[in-house]
Amino acid sequence: MTTEQKNIRKKLQATDQMNRIMTVYFYGLNEAATSGNKKVAWCTSVGPAELLRAMGFAVHFPENHAAMLGATRMSTDMIPAANAIGYSPDICSYLTADIGAYLKGITPLSKAYKGIESIPKPDVLVYNTNQCRDVQDWFAWYAREFSVPIIGITSPKNINEVSSAHIDDVTRQIEALVPTLELISGHKLDMDRLRETVSLSRQCTELWKEVLETATATPAPLTFFDGTIHMGPAVVLRGTPEAVEYYQVLLAELKQRIAEGVGAVEDESLRIYWDGMPVWGRLRQHSDLFAGLKANVLASTYCSSWIFQAFDAQDPFRSMAKAYLELFIVRSDAYKEKYIKEMLAKFRIDGIIYHDAKTCPCNSNNRYGMPQRLEAETGIPALVISGDLNDLRCVSDEQTKTNVEAFIEQLEEGK
Amino acid sequence: MPKQLFVGLDMGASRTKVAVIDQDGQLIGHAVKKSGIDFSATAAACLDASLEMAGATRADIVNAVSTGYGRANVAFVTETSKTEIGCLAKGCYHYFPEAITIIDIGGQDNKIINLDSAGRRSNFKMNRKCAAGTGAFLEEMASRLDISLEEMNGLARQSEEMLKIGSYCTVFSATEVLESIRNGKKVTDIVKGLFYSVIKRVLEMDAITERVVMTGGVVAHNPYIVEMAGEMIGRPIMLPPLPQLTGAVGAALYARDGSWQQTVITAREKS
């Protein structure tokens, strides 16, 4: 019988250290933009951050800012401002929330970090369309607004196997960014520094992978909802020693939990995989909903997307290209299905949830029959929930709750 | 000596349904009322009416389970709840113990639930955040046509040339209906077109198996929809005795089959 109960996930002690390094990062970014001591580059979340960091730019990630707008539940009030200037409610709600917030002169950074008045003004905008076209359109708006250069990588998409032709193409595109970036930064690219940055990114990635794989333990010491928060340094501080040090601390804490048999969710009885974006404005509610049902959402495509095992300090350009191409979101459904199947086995998953995010087709993998194909192949039940990453106008809490509760009932009855 | 009765309370978005069963699973009392704005009061009124029909009092209730959107609003009877998907499955399998597809058309949402021959749910789907194909869609359209919900079934049956409605958006469908009114189409043909639209929206949600059971208030009050659906899928649809009460019956069956000791029963104390 399903009787709702409070069963909140346990807080990770490492969170305080993460908050400290994120604070230093945001103040550093603000300092660069306000004092001009460093040039500011805006970058898409999966790259080419290593190149920008190695060339001495302070790097701002609009996707991170948009996720903050979502997590603070500010985004739904910002989105209409972007809709009103012609950016449809059907396109990326990261884009519309971020541009809307700019138009309204609002940023969650001001609330979280006293003294920061606005997002850092860019000197250059650098995108990679390996995720979607929206990032390019998003940056293009700011390029017009600030009258600053926009450069980037137009990535191949829907790739089955990453070939040398794909890697050649993207490598050349990354190399072609260098002259413009040298001109803006006023520095020549230092290859040793690039190698060091790529090496740090690789270390960060390996640690982040180990962190996520601690959830193979029973009970799992962390949840997907922890992961969405603790991946912050892997996104914005990749390529720095701070990120590496942080994940060493986090990993030690998770290993300690495993040694002590401590699960992130009390009495974990069901293990769930999440595919798609989180609903940023509902992290707490969703975390509590699953924990209350003794189900742990413990692995995800999303958090695992910041694992770039191709990074190689000996061959920085080509390895960056390979890393950005090997990403889940860049791949074909055939590859994605194989990947998810391996994840379901590795984490011993009882059920999979697909989040169909209204404004994020590239992260909504349920739309071309994947749940049905994977369920037929693996026998692991699937549920699709409708929602959105940032636009809460597209979220029905009651429908989500009923769907999730019914799914957990189904899994319990099938055990 | 008190009777041994089990209660299912289905607090739907539109209607509240209560079923009272005995130990053999026989439905001996039931009631349906508009949920309104005071779910607890409506549930209490339904419960009392059902118990009266069963010739029983609250002291006869051994166990109770709630379901539906307002399932948390009936703590005065029980704090144990199951989802409406689980209860519909349990209720339908009680009447049709075989592999079935359940199509439930409710006031606020639709569900398609597939059960295997042992009654286990293999999957389910609810409609997206959209009124297409729901009772709410028909309520909106009845209002546009200035007819009552009760009239719709009879009007649809009289149709000679059904209107085809293309949109799945309630607002766009309303525009199509208005256009048809302007063009002098008969109300009978419009209503049949609306019924057809409801069935189409539901059938496109998921694949269905050989044996299909329909439940819910829309089906209960509009038998012509069931006939039309049967024609569309090419085989007769099975109906439980009281389609609108199936979820409540399922909840009552859960109450009977569940662990009584662990369930918080306050009904006996309150009676």
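The values are calculated or read from the model by the stated rules, or taken from the named source; none is laboratory data. This one's a predicted model, so the numbers in the text were calculated from it and none came from an experiment. We place every Cβ from the backbone using ideal geometry, glycine too, and count neighbours over all the protein chains shown. The protein model used for the area step is the full one, side chains on, heavy atoms only, and it has no ligands, DNA or RNA in it. Shrake-Rupley method; radii C 1.70, N 1.55, O 1.52, S 1.80 Å.
For this structure, a couple of remarks:
- Inter-centroid distance (Cα atoms) of the stretch B:174-214 relative to the stretch A:30-76, Å: 51 Å
- Environment charge at A:GLN173 (Cβ cut-off 15 Å; Lys +1, Arg +1, Asp -1, Glu -1): 0
- DSSP-defined beta bridges in the stretch B:99-239 - what % are antiparallel, rounded to 5: 70 percent
- Paramagnetic reach from A:GLN248 in the stretch A:166-198 [backbone N under 17 Å; point 7 Å along Cα→Cβ]: A:197
- Rounded to the nearest Hz, the phi-derived 3J(HN,Hα) couplings of the stretch B:171-182 under the Karplus curve 6.51 cos²θ - 1.76 cosθ + 1.60 (θ = phi - 60°) are 5, 5, 4, 4, 5, 4, 5, 4, 4, 5, 4, 4, where x marks glycine and proline.
- Averaged over peptide A:368-375, the number of partner chain Cβ atoms lying within 10 Å of each residue's Cβ comes to 1.
- Fraction of beta bridges assigned by DSSP in chain B that are antiparallel (%, nearest 5): 70 percent
- When the charge dipole of the protein assembly as shown is built from unit charges on Cβ atoms (+1 for Lys and Arg, -1 for Asp and Glu) and taken about the Cα centre, the candidate among A:VAL265, A:SER118, A:GLN285 whose Cα reaches farthest toward its positive end is A:SER118.
- Each of B:VAL171 and A:ALA376 was given a label point 7 Å from its Cα along the Cα-to-Cβ line. The distance between the two points is 3.7 nm.
- Beta bridges per DSSP with both ends in the protein assembly as shown, % antiparallel, nearest 5: 40 percent
- Calculated accessible area for the stretch B:1-150 comes out at 37 Å² per residue, all protein chains present (probe 1.4 Å; ligands, DNA, RNA ignored).
- Extension gain for A:LYS157 to A:ALA84 (0.36 nm times residue separation, less C-alpha to C-alpha distance): 23.2 nm.
- At R0 = 25 Å, FRET efficiency that the Cβ-Cβ distance of B:ILE208 and B:GLN108 yields, to 0.05: 0.70
- Inter-chain Cβ neighbour average for residues B:77-84, partner chain, 10 Å: 4
- Rolling a 1.4 Å probe over the protein heavy atoms of chain B, with every protein chain left in place, gives an accessible area that is 50 percent carbon and sulfur.
- Protein-protein interface of the stretch B:118-145, residues with accessible area decrease of at least 10 Å², isolated chain reference, 1.4 Å probe: B:ARG120, B:ARG121, B:SER122, B:ASN123, B:PHE124, B:LYS125, B:MET126, B:ASN127, B:ARG128, B:LYS129
- For A:LYS341, the lysines whose Cα falls under 19 Å of its own Cα, not counting residues fewer than eight places away in the same chain, are A:LYS209.
- Computed packing ranks the peptides A:324-336, A:366-378 as A:324-336, A:366-378, most packed first, by mean other Cβ atoms within 10 Å.
- Rounded to the nearest 20 debye, the dipole magnitude of the stretch A:15-414 is 840 debye, with +1 charges on Lys and Arg beta carbons, -1 on Asp and Glu beta carbons, and the Cα centre as origin.
- Mean accessible surface per residue for chain A, computed with a 1.4 Å probe while every protein chain stays in place, in Å²: 38 Å²
- Shape metrics for the stretch B:99-239, restricted to C-alpha atoms - Rg then Dmax, Å: 14.9, 52
- Surface/4 of the Cα convex hull for the protein assembly as shown, nm²: 33.0 nm²
- Dipole of the stretch A:15-414, positive direction: furthest Cα of A:SER185, A:TRP306, A:VAL384, with charges on the beta-carbon: A:SER185
- When +1 charges are put on Lys and Arg Cβ atoms and -1 charges on Asp and Glu Cβ atoms, the dipole computed for chain B relative to its Cα centre reaches about 380 debye.
- Buried accessible area, chains B and A (both chains, 1.4 Å probe, Å² to nearest 100): 2000 Å²
- Alpha carbon centroid spacing (whole Å) that separates the stretch A:96-135 from the stretch B:1-68: 55 Å
- Whole-Å distance, taken between Cα centres, linking the stretch A:330-406 and the stretch B:105-125: 19 Å
- Cα gyration tensor shape of the stretch B:8-120, rounded if a/c is under 1.5, else prolate or oblate by comparing a/b with b/c: oblate
- Prolate/oblate/rounded call for chain B, Cα gyration tensor, a/c under 1.5 rounded: prolate
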